[in-house]
1. Shape of segment 1-46 from its Cα gyration tensor (a ≥ b ≥ c, root eigenvalues): rounded if a/c is under 1.5, otherwise prolate when a/b > b/c, or oblate?
2. Counting Lys +1, Arg +1, Asp -1, Glu -1, what net charge surrounds Asp88 among other residues with beta carbon under 11 Å of its beta carbon?
3. Please calculate the 1.4 Å probe accessible area of Cys10, with all protein chains present, and give it to the nearest 10 Å².
4. Considering only Cα-Cα distances, which of the following residue pairs are longer than 27 Å: Lys6/Lys100; Lys36/Lys171; Lys117/Lys171?
5. For Ile257, what accessible area in Å² do you get when you roll a 1.4 Å probe over the heavy atoms of the protein chains, rounding to the nearest 10?
6. Sorted by accessible area with a 1.4 angstrom probe, largest first, how do Arg40, Arg89 fall?
7. Spin-label point model (7 Å from Cα, Cβ direction): what's the Ala60 to Ile263 distance in nm?
8. So how far, in whole Å, is the C-alpha centre of segment 49-85 from the one of segment 161-221?
Amino acid sequence: MSGHTKGIICIILAAIGFSLMSFFVRLAGDLPTMEKAFFRNFVALIVAVFVLIGNKTSIAVPKGAGWPMFFRCFLGSTALIANFYAIDRIGLADSNMLNKLSPFFAILVSIPLLKEKPKAFDIISTVIAFIGALLIIRPTQSFTLVPSLIGLYGGFGAGTAYACVRLLGRKNVKSTVIVFYFSSFSCLLTLPFFIIQFEPMTWTQLLILMAAGVSATLGQFGITNAYKFAPAKDISVFDYTQVIFAALWAMIFFDEIPVPLSIAGYIIIIGIAVVRWWKGK
């Protein structure tokens, strides 16, 4: 099986995992964002530790991989928190769509980080994608503007973090090691807020958050392996299936029907992603 095919399979599994994570985070109800984020990362950390022990894998970071690992952890963690914040305050599909701007941010970040010079088409497609994002954000609606902008940062942070994952892959850092450091960093970052803002949970909420953690773990391992197996330009279009899954969960379980402007934004962003992938092929 080629690296390209493995990348596609991994990124679709990641899309399913992350869409279910968003669904469970929303289903958990009115709990603090940091509390939800902590449980999401804690489950992934436990899984990563067991995998590392089972495979007797060293967590040592190769020389020169320290700073991309830090930025992968910091930007990925803050992006995750931003995404969780947006999930609780705007539509499930909308928040997922804003997060899926990450491949376009990855293009911009890859210029200084990976020394990849974008072509004119790359720049034009990025501008068109942001136009689609504006239709989803709808700046005139002040009530959802702040959560939407925070959700937009989630896309930026994730895109930059995935560019760092690609760089770490070049330095032969194992996927499980990347997930371990990311989950550890996220747990340490959210733990103080989790303790200060802790709200008692029902057993049902606890089980739902554990399910969110398991789903996120599937997504995390999937996306980490996907961007190690193949370049973003070849497989990123398949990441947009997450929005379709998220929209389905939202319509079935929360009766959320996207407004026409949001649907137009989805079509623009997914459409330009498909065109980018086809042109890249």
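1. On the way: a/c = 4.90, a/b = 2.30, b/c = 2.13.
Here segment 1-46 falls in the prolate category.
2. +2
3. Only protein atoms counted, so the area is about 20 Å².
4. Values: Lys6/Lys100 20 Å; Lys36/Lys171 32 Å; Lys117/Lys171 21 Å.
Checking Cα-Cα distances, Lys36/Lys171 exceed 27 Å.
5. Around 120 Å² of this residue is reachable by solvent.
6. Details: Arg40 5, Arg89 105 Å².
The ranking, largest first, comes out as Arg89, Arg40.
7. So the two model labels end up 5.7 nm from each other.
8. The distance from the Cα centre of segment 49-85 to that of segment 161-221 comes to 9 Å.
The values are calculated or read from the model by the stated rules, or taken from the named source; none is laboratory data. Here the structure is a predicted model, which means the values were calculated and not measured. As a convention, Cβ positions derive from the backbone with ideal geometry for all residues, glycine included, and neighbour counts pool all protein chains shown. For accessibility, only protein heavy atoms count, side chains too; no ligands or nucleic acids. Shrake-Rupley method; radii C 1.70, N 1.55, O 1.52, S 1.80 Å.
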